[in-house]
Amino acid sequence: MAGFKSFAESAEVDIDSGLTGIVGPNGCGKSNIVEGLRWVMGESSARQMRGGEMDDVIFGGTEQRPARNLAEITLQLDNHLRQAPAEFNNSDELEITRKIERGKGSSYYVNAKPARARDIQLLFADTATGARSSGIVSQGRIGAIVGAKPVDRRTLIEEAANIRGLHARRHEAELRLRAAETNLERLDDVIAGLSEQRDSLRKQARQAARYRSVADRIRKAEAQFLLARWTAGQMDLDAATAALAAARLDVGARAEIAARSATARSEIAASLPPLRAAEAEKAAEYQRLALGREELDREEGRVSDALAQLASRQAQLTQDIARETSLLDDAKAAIARLAEETDALAMQITEAAPKQAAASDILDAARLTASQNETSLAEASAALRAAATTRNSLTSRKQDLEARIQSATNALSQLSLETMLAAAGQSDREKQEAEADFMTAKSALEAAEQALTDATTAAETALNAKRDSESHMTRLQAEIDALEYLLADLGDQASAPIADQLSVRDGMETALAGYLADELSAPVDSGNQEFWRNGSTPRLSPPDGTIPLANFVSGAPALSASLAGVGVVDDATSAEALQFSLLPGQAVVTKSGSLWRWDGFVRHANQSDKGAERIRQRRRLEALQNDADKASKKLDQSGTIASSSETALSTARQNVQNCRTNSMQAEQAFGDSRRRAESDALKLAAGRERAGELNTSLDELSVALASCDVEISALADDAALGVAETDARAAAEASRAALAEAMQAESRLADVIGTATRRQASCAQEASAWQQRLDGANSRIAELEARLADGNQEQQRLQAVPETLAKQRLEIGDLLEISEANRQSAADALRLAETSLNEAESLQRDADNAMATARETQIRAEAGEERCNAALAELKDRIQDKLNCAPDAVAEIAGVEDGAALGGLDVLEERVHRLIRERDNIGPVNLRAEAEMEDVAARITSMETERDDLIAAIGKLRSAISQLNREGRERLLKSFGEVNDHFKRLFKKLFGGGNAELQLTNADDPLEAGLEILASPPGKRLQSLSLLSGGEQALTALAIIFAVFLTNPAPICVLDEVDAPLDDSNVVRFCDLLRDICDQTDTRFLVITHHRMTMARMDRLFGITMEQRGISKLVS
């Protein structure tokens, strides 16, 4: 391990065969090794690791060492017997590694390959160990077994049966089963939704055909409108091009005038720089002379200020010399005074030293006398107190014994064994009655559950039948709706087509449609442009050798004249032979829809004839309506049966719930009565045992009371001890007074000598300080006098400067007058040249403005041309977007010849909008409805296959769970018997006798049963584990833990201070048991202990130290 908890550095622990011990003081990190084992075995709870979060297992740092960000533990396993799971079983050794990085979580590795936490947990669970197995007995584990509920103790038997991994696999299978059932329900819902979607797509496909027709007309109208706009745009472009050419000519003329103005301005501007340079030179010369005069003025001021400051410094230096001379005199006087005081203090110390030595001798003698008297007083007081304490103790003991005798007598008189015996008998009778009621309720529950199963089957059958009827009815209704939609009136027709009034027999719809074609869409007696008129008289007869077509058609008298001369033949050959002999108005058709007319016209069969299809749809609609009426009646019948079945199922469920409640109540009452009977039996046994204990206790208390009276009478007299203590106290007080007086005398003399000595040292320090001041004053006086002499020399130099400055001022004044005249002459010449330049610039600006106006006109003309080009480009893009062609091809799409009039743009645009509104009135249309319908049908087929696969998988999972439960029960019951036998034997060995056993509570289902532990140490009755003493509980818990090991030996057992509650004799038995188990099994023990006897029995020892605070170190 490295970086785990207090182990900052890497540490290795060899867990060899036999007993390996780990020792060390409290708090050094021994338990961290146990937790490290649990952690690498897959522990996922931070609380089990004694932390708030899993990052707390990483070394957190100390005052001297920083925290680490990574913790790692590797556990090496021997796999030469190939007992690991299949995916890890190809190596002789396995290295299980778990790493955790702060803030990133844990990762697992097996032989350096990543693995899942579940794989690691199952690997250890299959070998009867793991993070929470009973083989890792941490501190408090014994108490947890004692205080656990019976259901929680069942894990001990599960580990012995090695079915902890089976539990995990069963739980995983149940999760998969629930997920599969959920997926099946969702799949059924999806299939139902897709079926509805398929029916809807079928309707949408029919609507899309009408939509495409309107879209074609919109395309033609838009082509005409865009062609008109393209023609108008080209005319606008020609006008803009002409305006641009005129603007460009005007800009050229204006540019020539502006160029001439710019040339004149440039010539004038070229003469300005020399004039400006001359004027600047004269001005600079004048400014230089003016600055020189100002500098002379400033220099005079500086000389005056320096003379004033120098006079002030000279006066201050004179005062400083006088002050230092005064300090020099004071230092000499102080040094002389301190020398006299030092001599007087030395004489005082010489006189007091002999007196202090004599006082010290007197003090030592007084201390010795006082110490002897204090010792005598302490001995006398101790003897007096011991005698009083002994007398009080014996008196209290006597009173306590008398009270205990009285209490035992009262308790013995209060015991009523006859009442307890009667209560135990009554409780046993009530338990038998409750057990009988429970068995009756259980039988009733089983019968009700069987009835519920039958009702569920009947309800499911009825519900499936109802669903089938509803599905059949839905399909019929969907097809009826689709046909009614197709056969409904379209557009603005005043009445239905004549085809809707016809009734055609024997499959002659195609023949009739082949003869009449589009005329079947015309109405009867309508105001439309095309219609059939009633009242026409037939004047023809069918051709010879044919069957009259009119014989197969009824329901439309308006067609009688048209159909009178039409005959039906079997094939095209017969029709070809008859065509040349037909009379005017006669015609021959085949059943497939081919037509031969008297005038030589021939039309072969068209399979997609709309008229025939409409007639067939009408016949199909009538048949579907009849089927729908029958299906509706069947649906009502199945609904009634399903409703009654659901009612019966609800009644059966309620009956099961009632029976289950009664059974649970009866079971609870049986459990309560059984516990009362056990409690009353325990109370009776305890009462009998208590009576025997009270009688024994009374005999022992009487003997102890007599012994106490004898001891009290043998005590010494307290009066003599009191007199001796008083005499010793008086002598001690007298010696204390003499000692105090001697100490005061000696202290006074010591104070005198100490004060004089300290004053001598102080005088020496003061004399040294005054000498330093004297030396400092002499050096400062010499320095001040030198500075005073330097100041006098500087004052003489400065007093000669003002006369020189006055001469320089006169010379500069004459030069300034000459320079001012020259500067003024150059400035006048520059102003004349600048005036001429301003006039030339004004002329140039006027020419530039005129040219700018002409250019703006040109830019506007260019913008107009660009707008026309942009409009044409935009229109070209729109033509490409709308019609997917070039502008030259628009006329062909619009159906307009070159030079033909198109009409106004407003009229054309309104036509487009009207057609778009007509298309919008159709509503949303799915143009891919047919393709989507095929996709949906394919998905439905695929999902039905998946549904069958899911049903098969659910069956397999249920079978697997049943097999796991059956195997788990068998292995659990078998292991329970073995563990119970081992437990009885180990209990007797640990206790040197006695008896114990294990019992399964609520054993109807062993996988859900609890484990009760009953024990009877030597000399005691059989009782529950919780009623034993602490040491007995610890030994009993160890017995059951080792019984599990003997049943299903684990590769490792970790015991963390389990011997703490045991005395020396029990520790010896505990160690003997460990040695026996080592000899019988291959289990390796890791024992953490503080007990010297346990340490002595170990095969090897490791020690944990904490040389640095907070950092554990492993030593061997």
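The values are calculated or read from the model by the stated rules, or taken from the named source; none is laboratory data. Since this is a predicted model, take the numbers as computed values, not measurements. Positions of Cβ are backbone-derived with ideal geometry, glycine not excepted, and every protein chain shown enters the neighbour counts.
Check Ile33, Ile22 and return the single one that is at negative phi, touching a strand residue (DSSP E or B) at 6+ places or on another chain (Cβ under 9 Å) and in a strand (DSSP E or B).
Ile22
Residues are listed down the side, and each one gets a yes or a no for (1) of a type in the set (Val, Ile, Thr); (2) loosely packed, with under 12 Cβ neighbours inside 10 Å; (3) part of a helix (DSSP H, G or I):
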| residue | (1), (2), (3) |
| --- | --- |
| Asp888 | no, yes, yes |
| Ile893 | yes, no, yes |
| Leu915 | no, no, yes |
| Arg939 | no, no, yes |
| Thr945 | yes, yes, yes |
| Ala952 | no, yes, yes |
**Message:** Considering only region 1025-1034, I want to know if a residue exists there that is buried (at least 20 other Cβ atoms within 10 Å of the Cβ), in contact (Cβ under 8 Å) with a residue 12 or more places away in the chain and closer than 30 Å to Leu77 by Cα.
**Reply:** no
**Request:** Tell me the helices (runs of 4 or more DSSP H) entirely within region 90-200 that contain at least 2 residues that are modelled with pLDDT of 85 or more.
**Result:** 117-125
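Could you pull out the residue among Ser574, Ser536, Ser581, Ser560 that is part of a loop (DSSP other than H, G, I, E, B), at pLDDT 70 or above and more than 60 Å from the chain's Cα centre (by Cα)? If you could, list the steps in order and put the result at the bottom.
Details: Ser574 fails: part of a loop (DSSP other than H, G, I, E, B); Ser536 fails: at pLDDT 70 or above; Ser560 fails: part of a loop (DSSP other than H, G, I, E, B).
Answer to the check: Ser581.
One line per residue, one yes/no per condition, for (1) surrounded by 15 or more Cβ atoms within 10 Å (Cβ to Cβ); (2) among the basic types (Lys, Arg):
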position	(1), (2)
Leu187	yes, no
Arg206	no, yes
Val214	yes, no
Glu222	yes, no
Met235	no, no
Ala247	yes, no
Glu267	no, no
Ala270	no, no
Glu281	no, no
**Item:** Condition met for Ala761 (in contact with a helix residue (DSSP H, G or I) (Cβ under 7 Å, 6 or more places away or on another chain) and either modelled with pLDDT under 75 or farther than 30 Å from Gln309 by Cα (or both))
**Value:** no
**Subset of region 993-1024 (residues that are loosely packed, with under 14 Cβ neighbours inside 10 Å and on the phi > 0 side of the Ramachandran plot)** = Gly993, Asn1002, Gly1019
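Rundown of residues vs (1) under 30 Å from Arg748 (Cα atoms); (2) surrounded by 13 or more Cβ atoms within 10 Å (Cβ to Cβ), yes/no style:
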site	(1), (2)
Ile362	yes, yes
Ala382	no, no
Glu418	no, no
Asp428	no, yes
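Against the condition closer than 24 Å to Gly968 by Cβ, surrounded by fewer than 22 Cβ atoms within 10 Å (Cβ to Cβ), touching a strand residue (DSSP E or B) at 6+ places or on another chain (Cβ under 7 Å) and charged (D, E, K, R), how does Glu1107 come out, does it pass? If you could, list the steps in order and put the result at the bottom.
Numbers: closer than 24 Å to Gly968 by Cβ: no; surrounded by fewer than 22 Cβ atoms within 10 Å (Cβ to Cβ): yes; touching a strand residue (DSSP E or B) at 6+ places or on another chain (Cβ under 7 Å): yes; charged (D, E, K, R): yes.
Taking the combined requirement at face value, the residue does not satisfy it.
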**Item:** Where Leu1028 falls short, out of the listed (1) touching a Pro at 6+ places or on another chain (Cβ under 9 Å); (2) closer than 17 Å to Leu156 by Cα; (3) at pLDDT below 85
**Value:** (2)
**Request:** Can you tell me which residue within region 993-1009, out of those that are of a type in the set (Gly, Ala, Ser) and either modelled with pLDDT under 85 or in contact with a Leu (Cβ under 6 Å, 6 or more places away or on another chain) (or both), is farthest from Val1068 (Cα to Cα)?
**Result:** Ala1003
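On the basis of being touching a residue at least 12 places away in the same chain (Cβ under 8 Å), closer than 23 Å to Arg467 by Cα, surrounded by 15 or more Cβ atoms within 10 Å (Cβ to Cβ) and not aliphatic (A, V, I, L, M), does Ser195 make the cut? Before the answer, list the steps.
Details: touching a residue at least 12 places away in the same chain (Cβ under 8 Å): yes; closer than 23 Å to Arg467 by Cα: yes; surrounded by 15 or more Cβ atoms within 10 Å (Cβ to Cβ): yes; not aliphatic (A, V, I, L, M): yes.
So Ser195 fits the description; yes.
For region 812-825, indicate whether the set of residues that are farther than 30 Å from Gly301 by Cα, surrounded by 14 or more Cβ atoms within 10 Å (Cβ to Cβ), in contact (Cβ under 8 Å) with a residue 12 or more places away in the chain and not aromatic (Phe, Trp, Tyr) is non-empty.
yes
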**Asked** Does Arg404 satisfy the criteria of being within 30 Å of Asp680 (Cβ to Cβ), part of a helix (DSSP H, G or I) and among the basic types (Lys, Arg)?
**Response** yes
**Request:** Evaluate region 749-756: report whether one residue or more is outside any helix (DSSP H, G or I) and without any contact (Cβ under 8 Å) to a residue 24 or more places away in the chain.
**Result:** no
**Message:** Just to be sure I understand, how many residues within region 1011-1022 are over 20 Å from Leu1062 (Cα atoms) and at pLDDT below 85?
**Reply:** 2
**Asked** Does region 47-60 include one or more residues that are in contact with a Ser or Thr (Cβ under 9 Å, 6 or more places away or on another chain), among the basic types (Lys, Arg) and surrounded by fewer than 20 Cβ atoms within 10 Å (Cβ to Cβ)?
**Response** yes
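In the set Val57, Val34, which member is touching a helix residue (DSSP H, G or I) at 6+ places or on another chain (Cβ under 9 Å) and aliphatic (A, V, I, L, M)?
On the way: Val34 fails: touching a helix residue (DSSP H, G or I) at 6+ places or on another chain (Cβ under 9 Å).
The match here is Val57.
Among the candidates Asp119, Asp92, single out the residue that is acidic (Asp, Glu), surrounded by 14 or more Cβ atoms within 10 Å (Cβ to Cβ) and free of Cβ contacts under 8 Å to residues at least 60 places away in the same chain. Before the answer, list the steps.
Numbers: Asp92 fails: surrounded by 14 or more Cβ atoms within 10 Å (Cβ to Cβ).
Of the residues listed, the single one that is acidic (Asp, Glu), surrounded by 14 or more Cβ atoms within 10 Å (Cβ to Cβ) and free of Cβ contacts under 8 Å to residues at least 60 places away in the same chain is Asp119.
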**Message:** Being polar (S, T, N, Q), under 19 Å from Ala424 (Cβ atoms) and either without any contact (Cβ under 8 Å) to a residue 40 or more places away in the chain or exposed (fewer than 15 other Cβ atoms within 10 Å of the Cβ) (or both) is the filter here; which residues of region 654-689 pass it?
**Reply:** Ser679
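With respect to Asn965, determine if the residue is loosely packed, with under 14 Cβ neighbours inside 10 Å, of a type outside the set (Gly, Ala, Ser), at pLDDT below 80 and in a helix (DSSP H, G or I).
no
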**Message:** Just to be sure I understand the filter: pairs with C-beta atoms under 7 Å, separated by 6 or more residues or on different chains, first member in region 446-471 and over 19 Å from Gly639 (Cβ atoms), second member of a type in the set (Val, Ile, Thr) and assigned to a helix (DSSP H, G or I). Which pairs pass?
**Reply:** Ala448/Val656; Glu449/Val656; Leu452/Val656
**Asked** Within the set of pairs 6+ apart or on separate chains, which have a first residue in region 780-798 that is without any contact (Cβ under 8 Å) to a residue 12 or more places away in the chain and more than 16 Å from Val303 (Cβ to Cβ), a second that is among the aliphatic types (A, V, I, L, M) and assigned to a helix (DSSP H, G or I), and C-beta atoms under 6 Å apart?
**Response** none
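Only one of Ser427, Ser396 is free of Cβ contacts under 8 Å to residues at least 12 places away in the same chain and either small (Gly, Ala, Ser) or touching a strand residue (DSSP E or B) at 6+ places or on another chain (Cβ under 9 Å) (or both). Can you tell me which? Spell out how you get there, then give the answer.
Working: Ser427 fails: free of Cβ contacts under 8 Å to residues at least 12 places away in the same chain.
Exactly one residue qualifies, and that residue is Ser396.
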**Residue count, region 251-291 (criterion: small (Gly, Ala, Ser), in a helix (DSSP H, G or I) and farther than 26 Å from Asp814 by Cα)** = 11
